[in-house]
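First the structure, in the form of structure tokens, and then the observations on it.
The values are calculated or read from the model by the stated rules, or taken from the named source; none is laboratory data. On a predicted model such as this, the values are computed, not experimentally measured, just so you know. Virtual Cβ from ideal backbone geometry, glycine too; neighbours counted across all protein chains shown.
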Amino acid sequence: MVGKNKFSDRLAYGALLFVVWLTRILGVRMTNRLLFPVLYFLVAKKRFNFMMDNIMQSLPGKSEDEYKVILKNSLRHTLTVMLINIAEKKFYSEFVVKNEHLIDDIVKNDEKGAIIVTAHYGNWEALSAFFRSKPELTVGAFYNQPANRYIDRFLIRMRKIRLYPAGQGIKKALLKEYKVARRLMTIVVIDQRAKKHGLKVNLFNRPASISPVAVKMALQAQVPIIVVTTPVIDGKTHIHLEKIEINQDQNDSLDKARKVQNALQMVMDRLAAEITCHPEQWMMWSHNFWK
């Protein structure tokens with residue numbers, strides 16, 4: 001069984017390298033045209049009805065055909081973003097940054113840092129490039145470590161920032177680091193399955209289970225939360241930064257659980273507002289957050 005798993009890992013990694021090669025030879029658009037029918041068939045066969053149910057309940061008021069177009073474009077957009085990043089292509093030519101001062105002030109004032117919360121929306125992988133353009137910062141990101149060690153190594157090389165496999169040990173180590181840190185930014189992509197550790201919040205007017213790890217870390221480390229979204233508009237990646245105001249007063253009468261709940265709801269409200277503007281750029285219509 002072990003040998004079989006190793007072979008399947010190598011096979012999957014070989015397929016990934018083939019897609020990288022194909023994208024570098026043919027370009028993102030042509031490779032997308034070739035691969036999208038396969039992706040659409042695989043998803044439509046297993047998940048499309050589930051995705052339709054999710055989007056119809058989350059964004060009511062559209063026709064069935066409109067929902068189908070949004071979901072089809074969401075799959076195409078997700079494939080484009082992945083091809084751009086695995087092949088290290090420059091497709092969205094430049095960044096348009098809103099509220100960049102939120103980051104620059106942390107550098108200027110030599111502050112501890114911040115927790116950066118984002119979602120699988122727009123060109124989310126561009127965040128690593130954006131933060132790499134600011135060498136004064138120390139930047140890392142939580143990620144769900146793939147079981148395939150070959151693909152794991154590939155992702156680490158591709159992203160070129162520190163990657164922390166999600167888990168309690170990493171959280172404790174980072175909290176220790178924040179005690180003495182300066183200009184430390186930790187990126188958390190929050191729209192992932194929370195498993196048994198999720199808190200119930202409102203997402204698109206429906207109860208959803210979302211991990212509170214990012215918010216808890218910000219409160220414990222006493223650093224701000226900055227929500228970052230990356231919609232693609234007219235071929236440019238727009239990086240929108242917004243600081244979430246949370247009460248860091250340790251003597252405040254509001255209990256810790258309520259603080260976490262309120263802050264997490266503010267984060268998800270901000271992300272939902274952005275996703276509503278460009279629902280075709282959100283990858284996660286196929287996931288089950290809603291309970």
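Of all residues in the stretch 277-291, those satisfying the criterion of being assigned to a loop (DSSP other than H, G, I, E, B) and out of contact with any Pro (no Cβ under 6 Å at 6 or more places or on another chain) are H287, N288, F289. Consider A272 carefully, then state whether it is in contact with a Leu (Cβ under 9 Å, 6 or more places away or on another chain), within 30 Å of K72 (Cα to Cα) and in contact (Cβ under 8 Å) with a residue 40 or more places away in the chain. So A272 fits the description; yes. N205 satisfies every condition listed in (1) farther than 17 Å from M266 by Cα; (2) not in a strand (DSSP E or B) except (1). Annotation note: Cβ proximity below 6 Å between a residue of the stretch 247-265 that is surrounded by 12 or more Cβ atoms within 10 Å (Cβ to Cβ) and assigned to a helix (DSSP H, G or I) and a residue that is of a type in the set (V, I, T) and modelled with pLDDT under 85 (sequence gap 6+ or interchain) occurs for A263/I246.
Filtering the stretch 184-215 to residues that are modelled with pLDDT of 90 or more, of a type in the set (D, E, K, R) and surrounded by fewer than 20 Cβ atoms within 10 Å (Cβ to Cβ) leaves K200, R206. Screening F131 against (1) surrounded by 18 or more Cβ atoms within 10 Å (Cβ to Cβ); (2) part of a loop (DSSP other than H, G, I, E, B) leaves a single unmet condition, (2).
Taking the stretch 133-158 as the range and being in contact with a strand residue (DSSP E or B) (Cβ under 7 Å, 6 or more places away or on another chain) and more than 25 Å from P279 (Cα to Cα) as the test, the residues that pass are L137, T138, V139, G140, Q145, I156.
Look at the stretch 218-241: where a residue is in the same structural domain as S133 (by TED's automatic domain parsing) and under 26 Å from R182 (Cβ atoms) and a partner is assigned to a loop (DSSP other than H, G, I, E, B) and basic (K, R), sitting 6+ places away or on another chain with Cβ atoms under 8 Å, you get A221/K112; Q222/K112; V223/K112.
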